[in-house]
Structures are given as C-alpha cells and as structure tokens.
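Undergrad: Pasting in a structure now, in structure tokens, and then I'll have a few things to ask.
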Amino acid sequence: MQNRQKIVALAGPSCGGKTTLKNALVEGWPGSFAAILTTTTRPKRPGEKEGRDYHFVSPRQFNSAKAGGQFVETLVIGEYVYGLSLAALTGALTGARNGVVVITPDGLP
C-alpha cells in the first residue's frame, strides 16, 4: 500500500482559531504535519519571522507571482494581499509529512 500525504485545510473566518489549531497539529505531532505558509504583502508584526509565520514579499513581487499563475488562492484584506502558492503546497509535502494550511473561504476562486 502506497503512503500518500494529505493536505488539511483549516478554513474559517478571521480570528476563528485556525492558526492556533494549525500550530497545535504541527507542534503536537512533530514530523507528521508541516505548516504550509501563506505569502503576504503586509509588513512583519513584532515577533513574526520570514519562513515561520508567512512569506513576506513586496506588492510588486506578489503581483508578478500572481500574474505568473503561482497562487492557488488570493485574498485582499484591507490594503494587503494574501495568497497560497502552489510552491508552498508542494514544498510542504516532503517525506511522510502531511501539510496543514490556514485559509479564509473568501480567498478561494
């Protein structure tokens, strides 16, 4: 029987606890789940780190990637844009790990 990785999508409104649940899965089952990070144009908040919390890019970089079809979904919140890249999805599914991603339903096509 072939082992296939799964993607767990945690979808819901802002402030609904999705990120808390994602962190519990990643930290509670080390090696079983990999966080799939969102790309955003917003600046880092205190304590956030590139590659741990988000992929932080300029609006120009984001728009170029979007024009190139590199995002599965995107969402504008206020003056910033968020997106889930195909590279983030495929990159997280390494080894026997499953991916877990946080999405907001409004961002889906």
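Undergrad: Taking the alpha-carbon distance from Lys22 and a cut-off under 19 Å, which lysines remain once sequence neighbours fewer than 8 residues away in the same chain are dropped?
TA: Excluding near neighbours in sequence, the set is Lys6, Lys49.
Undergrad: Convert each backbone phi in the range 88-97 into a coupling constant with the Karplus relation 6.51 cos²θ - 1.76 cosθ + 1.60 (shift: θ = phi - 60°), then list the ³J(HN,Hα) values in order as whole Hz, x for Gly and Pro.
TA: 5, 5, 6, x, 6, 8, 9, x, 9, 7
Undergrad: What's the extension gain from Gln61 to Ile7 if we count 0.36 nm per residue and subtract their Cα-Cα distance?
TA: 16.8 nm
Undergrad: Also: Determine which residues of the range 26-40 fall in the zone a paramagnetic label at Lys49 would reach in this model, i.e. backbone nitrogen under 15 Å from the point 7 Å along Cα→Cβ.
TA: 27, 35, by backbone N distance to the label point.
Undergrad: Of [x] 13, 37, 29, 16, 5, 0; [y] 12, 34, 26, 15, 9, 3, 0; [z] 14, 46, 33, 7, 1, which is the value of P(r) over Cα pairs in 10 Å bins from 0, in percent derived from the coordinates here?
TA: [z]
Undergrad: Treating the angle as unsigned and between 0 and 90°, give the value, to the nearest 10°, between the Cα long axis of helix 18-28 and the longest Cα principal axis of the chain.
TA: Between helix and principal axis, roughly 40 degrees.
Undergrad: While we're on this one: What's the FRET efficiency of Ser32 with Ala87 using the Cβ-Cβ distance as r and R₀ = 22 Å, to the nearest 0.05?
TA: Given R0 = 22 Å and the Cβ-Cβ separation, E is 0.55.
Undergrad: Explain nothing, just compute: Karplus ³J(HN,Hα) = 6.51 cos²θ - 1.76 cosθ + 1.60, θ = phi - 60°, for every residue of the range 45-61 in order, whole Hz, x for Gly and Pro.
TA: Each residue of the range 45-61 in turn: 8, x, x, 7, 10, 4, x, 10, 9, 8, 9, 8, 9, 6, x, 5, 4 Hz.
Undergrad: Using the Cβ atoms and a cut-off under 14 Å, what net charge is assigned to the surroundings of Arg97, where Lys and Arg are +1 and Asp and Glu are -1? Could you put the intermediate results ahead of the total?
TA: Working: positive: Arg4, Lys6, Lys22; negative: Glu27.
Within the 14 Å Cβ shell, the charges total +2.
A short reminder: the numbers here are calculations on the coordinates, not readings from a lab. This one's a predicted model, so the numbers in the text were calculated from it and none came from an experiment. A quick note on method: Cβ atoms are made from the backbone with ideal geometry, for glycine too, and the neighbour counts reach across all protein chains shown.
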